[in-house]
Amino acid sequence: MKKKLWILVLILAIIIGGIYFLVKLNPPLEIGTITSTEDNESVVVGIGNKGFQEVKILDVSVNNNDIPSKTKIQVSNALKGFIITDNYNNEEARKYGFANIEDVAIKVGTAPSSNFEKLDNRTASKNDGIYGISVTHNKEINKVHIKYSYLGISFKKTVILN
């Protein structure tokens, strides 16, 4: 009886470990559009989810893990796109659905590659959600570090700006 229980526990541990490593090797967050102001002090990084459960952004930092002056997430659609701004409260910016990062979960099926394909095929619609992390800093931004959670597992993605 004890031997069967140990075998069952071992099989369960192998399955859970396999799923964990499969998810770690295939992170769900996909980077799309990367754009910035001329001085690189305001940046938008387009992101999307190619996984099968929502992604939650935990933290955004810049350069050497500096805390940016302002950080928001744009919740827009494939037809509208993103806006680059350091004033998230003006009338024009409000049209792009700026929200606090902790208030938004990145929905499934929002991978930028699939949205780009829909745009190319002219099948994109207002229902195709897109997300953009908007970051403003008082110095030039060279890197954007995105920490996020998926299936209870933490990930970190670094986007390097040219």
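Values for this structure:
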| quantity | calculated |
| --- | --- |
| Folded to 0 to 90 degrees: helix 2-25 orientation relative to the chain principal axis, Cα | 20 degrees |
| Loop trypsin sites (Lys or Arg not before Pro), segment 105-162, which have at most 14 other Cβ atoms in a 10 Å radius of their Cβ (DSSP) | K107, R122, K126, K139 |
| Per-pair calculated FRET efficiency, R0 = 30 Å: V108 and K147 via Cβ, rounded to 0.05 | 0.95 |
| At 1.002 mPa s and 20 °C, Stokes diffusion of segment 91-161 via Kirkwood alpha-carbon radius, µm² per second | 145 µm²/s |
| Exposed-loop-free span, longest in the chain, where GluC sites (Glu not before Pro) count as exposed if DSSP calls them loop and at most 14 other C-beta atoms lie within 10 Å | 39-139 |
| Mean Cα-pair separation over length for segment 28-160, i.e. relative contact order, pairs under 8 Å, 6 or more apart, % | 38 percent |
| Kirkwood Rh, angstrom, segment 1-85 [1 / mean 1/r, Cα pairs] | 16.7 Å |
| Label-reachable residues, segment 127-162, where backbone N falls under 17 Å from a point 7 Å from F116's Cα toward its Cβ | 129-133, 159-162 |
| Alpha-carbon radius of gyration plus Dmax, which is the widest Cα pair, for segment 28-160 in Å | 14.0, 40 |
| Proximal charge balance of S114 [Cβ under 13 Å; K/R count +1, D/E count -1] | -1 |
| Computed lengthening from K4 to N65, 0.36 nm per intervening residue step minus Cα-Cα distance | 17.1 nm |
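Readers should treat all values here as calculations from the given coordinates under stated rules, not as data from a laboratory. Keep in mind it's a predicted model, so treat the numbers as computed, not measured. Don't worry about glycine lacking a Cβ; one is built from the backbone with ideal geometry, like all the others, and counts go over all protein chains shown.
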